[in-house]
Amino acid sequence: MKRLVLSAAVLALGAGMGMAQQVVRIGTEGAYPPYNMINDRNEVDGFERELGDELCKRAGLTCEWVVTDWDSIILNLNSGNYDAIMAGMSVTAERKESIAFTQGYFPPAASAYAGVSADADLDGVIAAQTGTIQANHVAETGATLMEFPVPEDTVAAVRNGEADAVLADKEFLVPIVAESGGALVFVGEDVFLDEGIGVGLRKSDSELREKFDAAITSMKEDGTLNPLIKKWFGEEAQTF
Amino acid sequence: MFAFCADPGALQTLAWFLCYLTSGTHLAMYWSLGTVLLLLALAAPLALGFGLAGAMAVRSHIGPVRWLGRAYVAMVRGVPDIIFFLFVPIAVDQGIEYLVHLARCPDWTEPVRRGAEFVVCPAAKVPQAGAAVWMQNAYAFALALLAFALVFGAFAANTLHGAMAAVPRAQMETAEAYGMTRRQAFRRILMPQMWVYALPGLGNLWMILIKATPLLFLLGIRDIVYWARELGGAKTSLYAYPHADWRVWYFLAVLVVYLLMTWISERAFARIAARLAIGQPTAAGEALRKAAP
């Protein structure tokens, strides 16, 4: 059995020695539609998949997608398990301390509260995903924060009455509220918490950051980024 | 999977479910059960190996070996499993990469650790960048397997050490009287007899091992519980098969699967225990002797 482990390791070592094109592994969560999701064919799909593939094409990179847990997504980037993060990750001052970001590929977006009724208590129990800007915001407002590891659970907590409302990216909540048949409604004003969404990279990897930055710039300049945003987030979505 | 699944929106209930349950993600879920079974099949003998080595080390007459054995058992038993599952794969992965880095990139001048980052030269990446997906998966699986074997090996070591001590002293004294060396007595007398004492403990460990397999997702391997949560969650019309929150049904199915696995294991262990008890000076062995015609 030990030999099996060893030979697997040795196999892995020897593989893929010659590199024609730089291979970049992109980490994503796969549980945050429409930003990123696992579709019914078991492939990474969503806005970031389409955008990421186009960015890689423009930068001349071969890209692979890796699905990973949100909690350890920055940790795994820093320990080199993949080279970039495209997971609807908002650029914040706090995250900039541990990783680098490219310019935004998605404009600063609204976060919104959703509850079972329009008069839900926003100072009551608010559900948010662990380690998100929304969770930080709830902690600051004085409401009681109820944290969940995956986005889906935050909505479920509101549906079954555990939480008064959920705070999440508005674009994530829009299709859920729209298809809830009136069971969920937006509550209160939108809040603006981030500086947009960018590709997260290791701080030491400035070469890769320049490549992604240049590719994003070129997509903004030739007008291909905005239609892509509209395709996934609807006509009313904010664009550049 | 089926040709008529091309347009899920137009399907009738039965056909819809047929298509839904055979979608790519569902097939991946069924395969993930295979991953779990493979892990069990490999982790159990590997852990038994670690356990045997650990138990023999604890009994050793050579000081350092004994200390090493005791330290291993005490350390792993005293620390929450989840810490080891998080620690071992990262530590082993970085350890391997660091060694390869030293071997392949002697001219590399930049530090490997920079703050929170762990950066080795590209040639030292394990697996290599661009390696096939199955290779990445196999590597992650091997690391997970090692973590499971290490943790459960320590518990097995304790069980086996206890079982060795439970073999009647008179058996070993007789072996000595026949002029057997320590090694011979260990191999011929102690080893064959200790299993009957070790089995209840090992059976317990096996059950705990089965139930610990959902920890796999912590290590980046998508197991059946991950899939149940992912597929059971409410799906909007962005997906081909939108549905409400069905997690309770998915978890129910997973519950049945695990119950089935542990039930089959129980029966298997009962048979092995009966087989091992033959001719043993234990209550079960005595009962067998009396029942024999």
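The values are calculated or read from the model by the stated rules, or taken from the named source; none is laboratory data. Computed from a predicted model, the values in this text were never measured in an experiment. Ideal geometry is used to build each Cβ from the backbone, glycine not excepted, and the neighbour counts take in all protein chains shown. Just so you know, the surface numbers come from the protein's heavy atoms only, side chains and all, with ligands and any DNA or RNA stripped out. Shrake-Rupley method; radii C 1.70, N 1.55, O 1.52, S 1.80 Å.
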Result of the Cβ filter at 6 Å on segment B:68-85, keeping first residues that are in contact (Cβ under 8 Å) with a residue 60 or more places away in the chain and partners that are surrounded by fewer than 19 Cβ atoms within 10 Å (Cβ to Cβ), at least 6 apart or interchain, is B:F85/B:L218
- request: Please verify whether segment B:180-187 includes one or more residues that are crowded, with 18+ Cβ neighbours inside 10 Å and farther than 22 Å from A:I74 by Cβ.
  value: yes
Does B:W195 fit the bill of being in a helix (DSSP H, G or I), open to solvent by 30 Å² or more (accessible area, probe 1.4 Å) and under 26 Å from A:G200 (Cα atoms)? no
The residue that is most open to solvent (accessible area, probe 1.4 Å), considering only those in segment A:157-190 that are of a type in the set (D, E, K, R) and touching a helix residue (DSSP H, G or I) at 6+ places or on another chain (Cβ under 9 Å), is A:E162
Residue hits (segment A:129-147; open to solvent by 30 Å² or more (accessible area, probe 1.4 Å) and touching a residue at least 12 places away in the same chain (Cβ under 8 Å)) are A:T130, A:G131, A:N136, A:H137, A:T141, A:G142, A:T144, A:L145, A:M146, A:E147
In segment A:191-210, anything open to solvent by 60 Å² or more (accessible area, probe 1.4 Å) and either free of Cβ contacts under 8 Å to residues at least 24 places away in the same chain or not in a loop (DSSP other than H, G, I, E, B) (or both) is listed as A:F192, A:E207, A:R209, A:E210
Screening B:A240, B:A228, B:A277 for residues that are of a type in the set (G, A, S), open to solvent by less than 30 Å² (accessible area, probe 1.4 Å) and within 14 Å of chain A (Cβ to nearest Cβ) leaves only B:A228
Margin query: Among the residues of segment B:43-65, are any loosely packed, with under 14 Cβ neighbours inside 10 Å, within 13 Å of chain A (Cβ to nearest Cβ) and part of a helix (DSSP H, G or I)?
Written below: yes
Of the listed residues (A:R25, A:R49), the one being more than 10 Å from every other protein chain (Cβ to nearest Cβ), open to solvent by 20 Å² or more (accessible area, probe 1.4 Å) and at pLDDT 90 or above is A:R49
Going through segment B:258-293 in order, the residues found to be of a type in the set (S, T, Y) and in a helix (DSSP H, G or I) are B:Y258, B:T262, B:S265
* Determine, yes or no, whether B:L231 is touching a residue at least 24 places away in the same chain (Cβ under 8 Å), in contact with a Ser or Thr (Cβ under 8 Å, 6 or more places away or on another chain) and in a helix (DSSP H, G or I). => yes
Screening B:A142, B:A131 for residues that are part of a loop (DSSP other than H, G, I, E, B), within 28 Å of the chain's Cα centre (by Cα) and either at the interface with chain A (Cβ under 8 Å from one of its Cβ atoms) or without any contact (Cβ under 8 Å) to a residue 60 or more places away in the chain (or both) leaves only B:A131
| on the phi < 0 side of the Ramachandran plot, out of contact with any helix residue (DSSP H, G or I) (no Cβ under 8 Å at 6 or more places or on another chain) and either aliphatic (A, V, I, L, M) or modelled with pLDDT under 90 (or both) - does that describe any residue in segment B:210-230? | no
Counting only residues that are more than 11 Å from chain A (Cβ to nearest Cβ) and within 21 Å of B:N137 (Cα to Cα), segment B:17-31 contains a total of 1
Residue hits (segment B:248-278; small (G, A, S) and touching a Phe, Trp or Tyr at 6+ places or on another chain (Cβ under 8 Å)) are B:S265
Selection from segment B:103-121 of residues surrounded by 13 or more Cβ atoms within 10 Å (Cβ to Cβ), outside any strand (DSSP E or B) and not basic (K, R) yields B:C105, B:W108, B:V112, B:A116, B:V119, B:V120, B:C121
Scanning segment A:214-228 residue by residue, those part of a helix (DSSP H, G or I), open to solvent by 40 Å² or more (accessible area, probe 1.4 Å) and not small (G, A, S) turn out to be A:T217, A:K220, A:E221, A:N226, A:P227
A:Q238 fails exactly one of (1) crowded, with 18+ Cβ neighbours inside 10 Å; (2) out of contact with any strand residue (DSSP E or B) (no Cβ under 6 Å at 6 or more places or on another chain), namely (1)
Per the filter on segment A:68-86, residues open to solvent by less than 20 Å² (accessible area, probe 1.4 Å) and within 8 Å of another protein chain (Cβ to nearest Cβ) are A:T68, A:N78, A:S79, A:G80
Pairs returned, first residue in segment B:175-192 that is part of a loop (DSSP other than H, G, I, E, B), second residue that is modelled with pLDDT of 90 or more, beta-carbon separation under 8 angstrom, 6 or more apart or interchain, are B:M180/B:R188; B:M180/B:I189
